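The values are calculated or read from the model by the stated rules, or taken from the named source; none is laboratory data. Just so we're clear, the structure is a prediction, and the values are computed from it rather than from any experiment. Cβ placement follows ideal geometry from the backbone for every residue including glycine, while neighbour counts extend to all protein chains displayed. Ligands, DNA and RNA are stripped out before the accessible areas are found, and what is left, the full protein with its side chains, is counted by its heavy atoms. Shrake-Rupley method; radii C 1.70, N 1.55, O 1.52, S 1.80 Å.
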Amino acid sequence: MNRITKNGMEIEFDKETLRFSFQKDDGCRWRWDRSYAPYMECENGKVFFHDAGEITHELLQTGVGEGILSTYGGFEKEGKTVPYKFQTLVWVEGATGDVYCEWIPLQEEGLEVKKVFWPGPMEFEEKKESWYTLLTHQQGILIPNTWEAEFQTPAFDGMFGTAGAYMPWFAQVRDREGYLAVCATPWNGGYQAEHPAGGPYTKVSMRFEPSLGKMDYRRIVKYTFLKYCDHNVICKTYRNYAEEQGKLRTLAEKAIRNPSIDRLIGCAFLHKGIKTFVQPDSDFYDPEKPEKNNRLTTFARREQEIRQLHEMGVEKLYLHLDGWAEPGYDNRHPDYSPACEEAGGWEGMKSLVDTMHEYGYLFGIHDQYRDYYLSAPSFDENFACRLPDGTIPRHKRWAGGPQSYLCATQAPYYVKRNFKDLEDHGIRLDCAYLDVFTCNEGDECGNPLHRMTRKECYEHRALCFQYLLKKGILPSSEEVNDWAVQSQVFCHYAPYDFMMCAPGTPKQGIPVPLYNLVYHDCVIQPWMMEKVSKKEDYMLYALLNGGAPYLVREGAYPNTDGAFEDRVEMTLEECISRAKVVSDLHEKVGKCEMVRHEFVEGNPQIQKTVFSNGISVQVDFQKQTYEIRNEWIGYQQKQKCSGSGYL
């Protein structure tokens with residue numbers, strides 16, 4: 001057993017089991033789970049660290065900390081020793097007491113590593129509500145060890161940089177003591193979590209995957225051990241880390257460069273479409289009901305709807321327009337032009353935009369620079385993402401039929417080309433939505449003409465956002481993500497995971513606003529406003545999160561992306577009244593930090609958020625009521641969710 005103590009942090013290492021334990025300032029000891037043995041998933045199956053024929057351990061002391069450096073080599077494959085070798089370094093930073101776990105490749109020949117499962121999960125087997133796990137799956141989940149529902153595989157298998165993990169961290173708390181595990185090299189990493197129905201445990205740990213077929217670079221996880229903490233303390237600890245790393249960029253800062261951000265805050269969001277055309281070779285094509293495949297609404301009809309909303313008293317509005325081009329929604333990208341001729345062409349589209357601006361409203365379009373349709377006139381397989389084995393992924397899931405993925409190195413060029421075309425036709429954009437960038441995993445490409453790692457993919461996606469900002473256009477994407485905070489202004493939504501499931505599906509944990517506790521004042525988030533049943537009203541979540549409201553949200557595909565047809569019908573007047581309440585609140589807190597979230601008297605059915613300007617929101621999910629207060633001046637507003645009221 002090796003032991004290191006530094007700045008109140010103690011590390012113990014068992015050479016026999018290769019497991020670590022950690023203790024901070026006489027707090028509780030955190031141990032890697034007894035059933036865990038470090039391993040790699042390789043082409044021919046699992047290879048455990050202890051399978052190495054040569055293992056050495058040594059104490060390492062530097063000017064900034066102390067640790068244990070282990071070297072693993074001498075692995076065998078098919079009866080022969082191969083040169084594959086790697087190191088692990090677990091060390092304590094002297095200045096902070098934080099612990100870093102580093103996996104370091106030295107020699108990659110001999111084993112085809114697909115995943116590395118290290119560092120290990122902590123022991124966490126006490127059936128108590130005060131023992132809980134925090135996962136950044138979409139907006140956030142808190143899973144008590146007593147939770148009845150089983151945790152299912154998260155979106156994108158929990159890969160960081162996706163909807164499965166808006167932020168590259170997870171955490172666990174037991175009786176007010178906890179740890180925060182941050183992946184400092186998240187581009188090819190993710191988490192896996194296990195919580196059986198009813199508990200009594202939750203396991204969560206990191207994994208790392210290759211980049212272009214190789215592990216290639218050092219993988220780092222930073223652990224911060226905390227006493228007297230809860231999910232608020234953990235989120236604020238990560239916010240401090242994000243600020244140290246230069247990730248934090250508030251809306252107030254962004255508005256200095258692009259003042260139109262202030263016009264977007266407090267808007268009601270309107271999501272409408274023009275043309276839908278489902279190709280016969282698309283998975284969505286329904287040969288039994290051909291009338292479902294195609295539909296068309298003219299620009300003039302949309303313009304009429306905008307005039308109606310203005311007459312009904314809607315003061316601030318943002319229109320997100322799908323399917324505005326001739327090929328139809330999700331067709332022929334990135335060659336998405338001209339404006340849909342059947343709907344009125346460029347002239348009709350410009351008239352709609354001019355009417356929006358006449359009323360002081362904001363206008364934006366749906367666009368796409370990842371899905372690379374074979375039907376696009378400029379399609380060239382040489383610019384599709386190519387995997388290290390030379391294959392090019394393809395599918396035909398969406399309306400446009402067969403597609404591959406455009407290498408993101410090319411995306412900024414297409415953005416410049418297409419937005420110049422819009423400008424040349426007099427279409428003055430306030431905003432633009434670049435689909436899936438902040439939801440789907442980063443791509444990689446092995447084509448030597450434009451070789452790209454996942455890290456570089458995220459960088460090229462961000463360049464697209466930056467170009468729009470330079471042109472005075474506010475960039476949006478499907479969801480939110482840690483890597484995009486510096487350049488993304490708003491999103492399509494940043495929902496809790498249960499909102500993407502059919503109404504009535506058991507929740508996998510308690511929904512908590514982990515993303516907003518870190519980044520609420522950095523990215524504008526519109527929220528679903530559906531009353532999905534008599535027992536569940538999404539307006540409460542919009543208020544609790546201090547977000548913008550959807551006035552009307554027409555889903556591009558039926559029962560997809562949270563747009564379920566089974567819901568309580570409301571009149572347009574009711575929708576406007578409800579949206580007004582949420583918009584008025586967003587006007588006041590949209591640029592404010594969410595400083596605290598709590599369960600009132602420990603009841604998850606009654607939740608409260610507090611913002612940095614003193615405004616608090618308390619919602620009761622059972623009674624479907626909300627209460628908005630200004631805690632600095634003692635103002636209070638109480639309403640049933642179906643009613644209306646104003647700050």
Quiz prompt | Percent of beta bridges antiparallel (DSSP, the range 357-443, rounded to nearest 5) | solution = 55
Self-check item: Whole-Hz ³J(HN,Hα) from phi, Karplus 6.51 cos²θ - 1.76 cosθ + 1.60, for the range 17-33, glycine and proline x
Solution: 9, 6, 9, 10, 9, 9, 8, 10, 6, 6, x, 6, 8, 9, 10, 5, 4
Quiz prompt | Percent accessible area from carbon and sulfur atoms, the range 32-156, protein chains only, probe 1.4 Å | solution = 46
Exercise. With label points built 7 Å along Cα→Cβ from the Cα atoms of LYS127 and THR153, find their separation and express it in nm.
Key: 2.8
Quiz prompt | Cut-off 19 Å, label 7 Å out along Cα→Cβ of LYS292, residues of the range 306-338 by amide N | solution = 329-330
Practice problem: Quick one: order TRP346, TRP30 from most to least accessible surface, probe 1.4 Å. | Solution: TRP346, TRP30
Quiz item: Which whole-Hz couplings ³J(HN,Hα) result when phi for each residue of the range 76-90 is put into the Karplus expression 6.51 cos²θ - 1.76 cosθ + 1.60, θ = phi - 60°, listed in order with x for Gly and Pro?
Solution: 10, 9, 6, x, 10, 6, 10, x, 4, 8, 8, 10, 10, 10, 10
Quiz prompt | Amide proton proximity set for GLY190, modelled H, under 5 Å, gap of 5+ | solution = PHE160, ARG207
Self-check item: Separation of alpha-carbon centers, the range 102-131 and the range 30-87, rounded to whole Å
Solution: 11
Quiz item: Rounded to the nearest 500 deg cm²/dmol, what is the calculated helix-only ellipticity per residue at 222 nm for the chain, with -39500 (n - 2.57) per DSSP H run of length n ≥ 4?
Solution: -5500 deg cm²/dmol
Practice problem: Report, in degrees rounded to the nearest 10, the 0 to 90 angle that the Cα long axis of helix 411-424 makes with the longest principal axis of the chain. | Solution: 10
Self-check item: Built amide H within the under 5 Å cut-off of TYR361, gap 5+
Solution: none
Quiz item: How large, in percent, is the carbon and sulfur part of the accessible surface of the range 479-540 at a probe radius of 1.4 Å?
Solution: 57
Practice problem: Match the structure shown to one of the listed values [x] 38.9, 138; [y] 30.7, 96; [z] 25.7, 80 of Rg and Dmax of the Cα atoms in Å, computed from it, and give that label. | Solution: [z]
Quiz prompt | Translational D in µm²/s for the range 247-323 (Stokes-Einstein at 37 °C, 0.692 mPa s, Kirkwood Rh from C-alpha pairs) | solution = 209
Quiz item: Any idea what the dipole of the range 78-156 comes to, in debye rounded to 20, about its Cα centre with Lys/Arg Cβ at +1 and Asp/Glu Cβ at -1?
Solution: 160
Practice problem: Take each of the peptides 579-587, 496-504, average the number of other beta-carbon atoms within 10 Å over its residues, and list them starting from the highest. | Solution: 579-587, 496-504
Quiz prompt | Å² per residue, accessible surface of the chain at 1.4 Å | solution = 39
Exercise. Sticking with the crude label model, points 7 Å out along Cα→Cβ, report the distance from TYR359 to ASN382 in nm, one decimal please.
Key: 4.8
Quiz prompt | Against the rule of thumb 2.2 N^0.38 Å, how large the Cα Rg of the range 448-520 comes out | solution = 1.41
Self-check item: Gain upon complete extension [GLU76, ILE256; 0.36 nm per residue less C-alpha separation]
Solution: 58.9 nm
Quiz item: Got a sec to turn the phi values of the range 198-213 into Karplus ³J(HN,Hα) couplings, 6.51 cos²θ - 1.76 cosθ + 1.60 with θ = phi - 60°, whole Hz, x for Gly and Pro?
Solution: x, x, x, 9, 9, 10, 8, 7, 8, 9, 10, 10, x, 10, 6, x
Quiz prompt | Surface share of carbon and sulfur [accessible, 1.4 angstrom probe, percent] for the range 341-424 | solution = 49
Quiz item: What residues qualify as long-range amide H neighbours of CYS522, i.e. H under 5 Å apart, gap of 5 or more or another chain, H built at 1.01 Å from N?
Solution: LEU251
Quiz prompt | Cα→Cβ-extended label distance, 7 Å offset, between LEU374 and GLN605, nm | solution = 5.4
Quiz item: If you average 1/r over every pair of different alpha-carbon atoms in the range 145-277 and take one over that average, what Kirkwood value in Å do you get?
Solution: 18.0
Self-check item: Cβ-Cβ FRET estimate between GLN61 and LEU572, R0 fixed at 51 Å, reported to 0.05
Solution: 0.15
Quiz prompt | the range 445-459 versus the range 263-305: alpha-carbon centroid distance in Å | solution = 33
Quiz prompt | 0 to 90° range, to nearest 10: angle between helix 572-589 axis and the chain longest Cα axis | solution = 50
Self-check item: Pairwise centroid distance, computed over Cα atoms, of the range 481-545 with the range 138-188, Å
Solution: 16
Quiz item: With N residues in the range 504-609, what two-decimal value do you get for its Cα radius of gyration over 2.2 N^0.38 Å?
Solution: 1.11
Self-check item: Degrees separating the helix 231-244 axis from the principal Cα axis of the chain, which is the longest one
Solution: 90
